[in-house]
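To keep things clear, I will list the structure first and then write my remarks on it.
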Amino acid sequence: MDIFKRLGWFFKQEKKSYLLGVAGLLIVAVLQLIPPRIIGIVVDEIETDVLTRQSLFQWIIILTATAVLQYILRYIWRVNIWGNAAKLEQIVRKQLYEHFTNMDNTFFQKYRAGDLMAHATNDLRGLRMVAGGGVLTMADAISVGLTTLLAMLFVVDWRLTLIAVIPLPFLALTSRVLGQKLHVRFRDAQAAFSHLNDKVQESIQGIKVMKTFGQEKEDVEKFEQQTDNVVSKNKAVYKIDSLFDPAITLIMGISYLLTILVGGFLIMGDEISIGDFVTFINYIGMLVWPMFAIGRLFNIIERGSASYDRIENLLREDSAIEERQGAFDEPISGTLSFDIKTFRYPDDEAVALHHVAFTMEQGKTLGIVGKTGSGKTTIMKLLLREYDNYKGTIRYDGYDIKDYTLDALLKQIGYVPQDNYLFSTTIRENIRFADPSLSQEAVEAAAKLANIHEDIMELPEGYDTEVGERGVSLSGGQKQRISIARAILINPELMILDDSLSAVDAKTEETILTGLKNVREGQTTIIAAHRISSVMHAEEIIVIEEGTIVERGTHSELLDQDGWYNDMYAQQQLERKLEGGGRS
């Protein structure tokens, strides 16, 4: 029953509607006692030959009125109790979603998307059942069981009642033992479902790669293994779950047997009437539901408790990125100073960056080049405050970026990664994602700067074209340019292009960079790239190797150094000549 205590905050919040629902249940429980008693009275009147047409009509009217009143009250308690259950699901789902949006990269490396989706669906369903079916079952079982036992005790015969309830303590013991086993097995079943979710999501996202390498059959086999595991874990749950009803049936059967034996002796001794015995048997029948309800209640509670354990474990996770007390809410501006002594990714012993320092005056452009894995993207991640566990400082106009609120910092940074993410909506909504109220004219102006406007207009539905999941209907170059247009549209103080021109040709690249230079006068730009042509016009270029700066200077200065930059530039120039048929 600990789950009800843990959800006390919600029950307190919705106490009025819960009290109304439970009150409806209690009244229904009392009204349910009337029909069995009337049946017993009618049986006695038939036996003694005193039943008249008038009295029969009177009993029928009372039974009809009781049924109508129960119908109304059942509607009231269902609306209130199940309505609150849906509200709890909504509240916790929102808590989870807000929690996900506030978490850092480490969290999403620890928990995969499929697992998080399972928490937000299956686990919430288990929690909803506690607030709905759990409360209903508990209140109904207590009200019906208690009122029925009181009626059996005071309306019929106390001796018969005591005999009938002898087996019931064994039911409580059985339910407790089975409930504890059910909690553990249901938690394992939920975890297996999370792993299956992960597998399905990963396979769907990687379907093109899978088909390219002809791994469909192998992937189906892996899926079947995961499915078999889910089925196996759920079978373990159902094996325990299935023991509840037989145990209850056995115990209630013993209660019926004792009632018939003792009741028979009491009738033969003229201590109770046949009508009383019929009433008592009906009351025993009414006790069957509370007894089954107890088994169902333990089932709901243990499932809900296991689900809430998993949800609370997620909500207890803290982000390593926190805003400082009294952080600045003003937009970033001025000179950018980057000075990192050392940085390691969490749970990684290798140093990702060391002794990387550069200063950028407002309005300048910095180029960053280097081999794959040299540390270029890591610099961007630190600028975006995806990680704070570094030794050193990153400052804007002399102020540490940790002194700014995340909104003040991130809303002034336009970041275009190499792996562009487009949402499953129209091109227009993807471009104006940061501000859906922006006009079509503003959207088109950004698209023209990103050299994607003409491509969009050639599509059948233009800016209303649905791009599909992750932009599946577009080419790599189109996705990159739409992402650049999205970043341009917010007019950021700092624009970061992280190898985001790799999928476009050299001419398109030059057009985009020239357009950016013209419209971003007075604003800062960082361009990380493999292609030297992307950065050669920057005021300063740094070469990163194994997490540190090995060369720096302007394009001409780096060529004079005759190092990695010069070699790479010469190699790329040769490749361009070969691609152009040997013409320069």
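Read the figures in this text as sums done on the coordinates, not as results from a lab. Remember, it's a predicted structure, so these values are computed and weren't measured experimentally. Please note: Cβ atoms are built from the backbone with ideal geometry, for glycine as well, and neighbour counts cover all protein chains shown.
3J(HN,Hα) along region 111-125, derived from phi through the Karplus expression 6.51 cos²θ - 1.76 cosθ + 1.60 where θ = phi - 60°, amounts to 10, 7, 4, x, 5, 5, 5, 5, 4, 7, 10, 4, 5, 5, 5 Hz, with x in place of Gly and Pro. Values of log10 I(q)/I(0) for the chain across q = 0.08 Å⁻¹ run -0.76, by the Debye formula with one identical scatterer at each alpha carbon and no solvent. Rounded to the nearest 5, the antiparallel percentage of DSSP beta bridges internal to the chain is 50%. If the segment from Lys577 to Ala506 were pulled out straight at 0.36 nm per residue, it would be longer than the present Cα-Cα gap by 24.3 nm. Within the same chain, lysines fewer than 8 places from Lys222 are excluded, and of the rest, those with a Cα less than 24 Å from its Cα are Lys110, Lys199, Lys208, Lys211, Lys233, Lys235.
If one computes P(r) from the Cα atoms of region 300-370, what percent of pairs lie at distances over 19 Å? Looking at region 300-370, the distances longer than 19 Å represent 68 percent of pairs. Apply the Kirkwood formula to region 2-315: the hydrodynamic radius equals the inverse of the mean of 1/r over all pairs of different alpha-carbon atoms; give it in Å with one decimal. Across region 2-315, the inverse of the average 1/r is 22.9 Å.
Cross-link partners of Lys5 among lysines, defined as those whose alpha carbon lies under 19 angstrom from its own and excluding same-chain residues fewer than eight positions apart: Lys15, Lys16, Lys87. In order along region 413-424, the Karplus-derived 3J(HN,Hα) couplings, from 6.51 cos²θ - 1.76 cosθ + 1.60 at θ = phi - 60°, round to 10, x, 10, 10, x, 5, 8, 6, 10, 10, 7, 7 Hz, and Gly and Pro are given as x.
Net charge around Thr161, counting only other residues with Cβ within less than 14 Å of its Cβ (Lys, Arg = +1; Asp, Glu = -1)? My count for the surroundings of Thr161 gives -2.
State log₁₀ I(q)/I(0) for region 448-583 at q = 0.09, 0.21 Å⁻¹ as given by the Debye formula over alpha-carbon point scatterers of equal weight, solvent excluded. For region 448-583, the Cα-only Debye profile gives -0.33, -1.31.
The angle separating the long axis of helix 168-205 from the principal Cα axis of greatest extent in the chain is about 30 degrees.
Shape analysis of region 61-110 based on the Cα gyration tensor places the equivalent ellipsoid semi-axes at 47, 7, 4 Å, largest first. Helix 34-47: angle to the longest alpha-carbon principal axis of the chain, degrees 0 to 90, nearest 10? Its long axis makes an angle of about 20 degrees. The lysines whose alpha-carbon is closer than 19 Å to the alpha-carbon of Lys507, local same-chain residues fewer than 8 away aside, are Lys448, Lys479, Lys517, Lys577. Against the chain, whose longest principal axis is taken from its Cα atoms, helix 440-449 shows a tilt of about 40°. Close amide H partners of Glu540, meaning residues 5 or more places away or on another chain with modelled amide H under 5 Å apart, are Thr365, Gly367.
Hydrodynamic estimate: the Kirkwood radius of region 418-491 over Cα pairs, inserted into Stokes-Einstein at 4 °C and 1.567 mPa s, corresponds to D of 110 µm²/s. As an exercise, use a Förster radius of 30 Å and the Cβ-Cβ distance of Phe423 and Val231 to find the FRET efficiency, rounded to the nearest 0.05. Efficiency for this residue pair is about 0.30.
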